[in-house]
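Quick note: the coordinates plus some simple rules give every number you see, no bench work behind them. Predicted model only: the values in this text are computed from it and were never measured. Quick reminder, even Gly has a Cβ in these numbers, built from the backbone with ideal geometry, and neighbours come from all protein chains shown.
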Amino acid sequence: MHSPYPVCAPARSAIITGMYPSSIGTGNQRAYSQNRKVRPDSESQLGFPYYSSKLAEAIKPFTQILRENGYYCTNNSKTDYNFKLTDQAWDESSKNASWENRKKDQPFFAVFNFGVTHESSIWNRDKKKLKVDPNILKVPPVFPDDSITRHALAVNYSNLIEMDIQMGKIIDRLKKQNLYDNTYIFFYSDHGGPFPRHKRAIYETGTKVPFFIKFPKGKSESIDKNQFLSFVDFAPTTLSIAGIEPPGFLQGKAFLGKYKDESKREHLFTASDRFDENPDRIRAVRDEKFKYIRNYFPENSHALNVAYRRQMVLMRHLTTLHLTGKLSKEHDLWFRVPKLKEELYDLENDPFELNNLSDNPDYSDKLNNLSDVLDNWIKEIDDLGRIPEKQLYKMISGD
């Protein structure tokens, strides 16, 4: 499973609409804020306020369609869809929202968000007692293997253990109410890991997510575990499971249920735009083996200087090592300025995308092929990333 964007709000806009964020004006992180009206000082230079895309607002969220077909739909409790969601999306959206508040025997769709594994928990829980030994962990090759890296990884694994306990309590409630056997459960994160070069990174570490499905007891439905799945598929798939035909304009495809789409997705598309105070634009496409990345602003490092992320000890540590020339060549690639206009990786042999092949003539045909595929997708979805955000805001906000 892949998130179409390596950060929460744009990714969540894809989940609720079944549309690519770059096609509905929700690709810029923090375009909209439900709880704030004025941008912080760090974003004041952007020159436009928070805004909600009218294109996104015009799309009926799939939960509203479920409700119109008799389902009780709840969200507990994060929203953050990067646009103003209609009040018709949920029967209840709060910290107390649960299927238990529905009418007797009413079918339900319930979302639960676990904040303990959020990026902010890496620094907010940095001093808490660890539940795992940092010395036994495997350090990904994108990070230096030192005590600071290992501690950050251990904090995350400790948070995951707590999240697992919280998830278990929900499962226990379903079992006690004799609902577990009849219920589908989807479990996933809304982007890659919480670390630098994970969250906000166009690489697989930022877009590839864990995804588990628990089927109802006795339900037999084949699923190709090697297929490319994207968050845009969640809306049509959930409707299909409920026996509801998905709207034809959705950009995702149902991979389960009555209206399952048996066609094979040959390519998977991901993207990123502005992150908080840092404008950027990257588009990427992959097939079964290779991944092509196009950087529209090579003057920007991949390691954007995001104020929010600087609260993380690991981020400050990596930056210090970079500035003092103490990172290895591989670890320093993320900080490269300028970054390459094009990148190409053999994911089969280089899953962490450290060996760029874009300047290798032996791979020029593959690079050109994937570049053409990406161009066609950009045209097909009418990618709005080509429009400067100051102009885009005026076009789609209605202000």
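Considering only Cα-Cα distances, which of the following residue pairs are longer than 23 Å: Lys217/Lys260; Lys138/Lys214; Lys84/Lys258; Lys219/Lys258; Lys176/Lys219?
Table pairs above 23 Å Cα-Cα are Lys138/Lys214; Lys84/Lys258.
For Cys73, which sequence-distant residues (separation of 5 or more, or a different chain) have an amide H within less than 5 Å of its own amide H, given hydrogens modelled in the peptide plane?
Long-range HN contacts for Cys73: Asp91, Glu92, Phe109.
Could you identify which residue out of Pro246, Pro40, Pro236 has the top mean-square fluctuation in a GNM of the chain using Cα springs shorter than 10 Å?
In the Gaussian network model the winner is Pro40.
Classify the range 199-249 as rounded, prolate or oblate, taking a ≥ b ≥ c as the square roots of the eigenvalues of its Cα gyration tensor: rounded when a/c is under 1.5, otherwise prolate if a/b is larger than b/c and oblate if not.
Judged from the Cα gyration tensor, the range 199-249 comes out oblate (a/c at least 1.5, b/c at or above a/b).
When the chain is treated as a GNM, springs tying every alpha-carbon pair under 10 Å, which of Leu239, Leu174, Leu370 comes out with the largest mean-square fluctuation?
The residue that fluctuates most here is Leu174.
Counting only C-alpha contacts under 8 Å and six or more residues apart, can you give the relative contact order of the range 1-145 as a whole percent?
In percent, rounded to a whole number, it is 20.
For the chain, set up a Gaussian network in which alpha carbons nearer than 10 Å are linked by springs, and say which option among Ile122, Ile213, Ile59 fluctuates the most.
Its mean-square fluctuation being the largest, the pick is Ile213.
Give the residues of the range 3-21 whose amide nitrogen is closer than 18 Å to a point set 7 Å from the Cα of Thr86 in the direction of its Cβ.
Zone members listed by number: 13-20.
State the extension gain, in nm to one decimal, for the chain segment bounded by Asn355 and Arg316, taking 0.36 nm per residue of separation less the distance between their alpha-carbons.
Result: 11.5 nm gained on full extension.
For the chain, which DSSP H helices look membrane-span-like by this rule: Cα extent along the axis of 20 Å or more and mean Kyte-Doolittle of at least -1.0?
Correct list, ordered by number: 147-176, 364-380.
Given R₀ = 25 Å, what would the calculated FRET efficiency be for Lys329 paired with His267, taking r from the Cβ atoms and rounding to 0.05?
Efficiency at R0 = 25 Å is approximately 0.25.
Hey, which aspartates and glutamates would be in cross-link range of Lys326, C-alpha to C-alpha under 15 Å, not counting anything within fewer than 8 residues on its own chain?
Hits, sequence-local ones excluded: Asp145, Asp146.
Asn69 versus Phe186, label points 7 Å from Cα toward the beta carbon: distance in nm?
Label-label distance for Asn69 and Phe186, simple model: 1.3 nm.
Give the shape of the chain as rounded, prolate or oblate, defined through the alpha-carbon gyration tensor: a ≥ b ≥ c are the square roots of its eigenvalues, a/c under 1.5 means rounded, and otherwise the shape is prolate if a/b is larger than b/c and oblate if not.
Because its axes are fairly even, with a/c under 1.5, the chain counts as rounded.
Please list, in order along the range 263-278, the HN-Hα scalar couplings obtained from phi with the Karplus expression 6.51 cos²θ - 1.76 cosθ + 1.60 (θ = phi - 60°), rounded to whole Hz, x for Gly and Pro.
3J(HN,Hα) across the range 263-278, in whole Hz: 5, 9, 7, 7, 9, 10, 10, 9, 7, 8, 10, 5, 10, 6, 8, 10.
For the range 1-50 and the range 137-195, what is the separation of their Cα centres, given in Å?
24
Sorted by mean Cβ packing within 10 Å, highest first, what order do the peptides 15-24, 306-315, 164-173 take?
Final packing ranking: 15-24, 306-315, 164-173.
Mind listing which GluC sites (Glu not before Pro) in the range 173-262 are in a DSSP loop and have 10 or fewer other Cβ atoms within 10 Å?
In loop regions of the range 173-262 (DSSP not H, G, I, E or B), the sparsely surrounded GluC sites (Glu not before Pro) are Glu262.
Among DSSP beta bridges whose residues both lie in the chain, state the antiparallel percentage, nearest 5.
Rounded to the nearest five, the antiparallel share is 70 percent.
Name the long-range amide H neighbours of Leu229: under 5 Å, sequence gap of 5 or more, or other chain; modelled H, no Pro or chain starts.
His2
Mind running the shape call on the range 219-333? Use the C-alpha gyration tensor, a ≥ b ≥ c as the square roots of the eigenvalues: rounded below 1.5 for a/c, prolate if a/b tops b/c, oblate otherwise.
Because a/c hits 1.5 or more and a/b exceeds b/c, the range 219-333 counts as prolate.
Tell me, what HN-Hα J-couplings in whole Hz come from the Karplus equation 6.51 cos²θ - 1.76 cosθ + 1.60 at θ = phi - 60° for each residue of the range 25-30, using x for Gly and Pro?
With the stated coefficients, the range 25-30 comes to x, 10, x, 8, 4, 6 Hz.
State to the nearest 20 debye the size of the charge dipole of the range 64-196 about its Cα centre, where the only charges are +1 on K and R beta carbons and -1 on D and E beta carbons.
380
Once amide H atoms are placed 1.01 Å from N in the peptide plane, what residues at a sequence separation of 5 or more from His302, or on another chain, have their amide H within under 5 Å of its amide H?
Arg336
Scan the range 293-399 for GluC sites (Glu not before Pro) in coil per DSSP, keeping those whose Cβ has at most 12 other Cβ atoms within 10 Å, and list them by number.
Glu299, Glu348
Give a residue-ordered list of calculated ³J(HN,Hα) values for the range 31-41 (Karplus: 6.51 cos²θ - 1.76 cosθ + 1.60, θ = phi - 60°; whole Hz; x for Gly, Pro).
Once rounded to whole Hz, the list reads 5, 10, 9, 5, 9, 10, 9, 10, 5, x, 4.
To one decimal place, what Kirkwood hydrodynamic radius in Å is obtained for the range 63-148 from all pairs of distinct Cα atoms?
16.3
Among the chymotrypsin sites (Phe, Trp or Tyr not before Pro) in the range 205-290, which ones are in a DSSP loop with at most 15 other Cβ atoms within 10 Å of the Cβ? Mind listing them?
Answer by residue number: Phe249.
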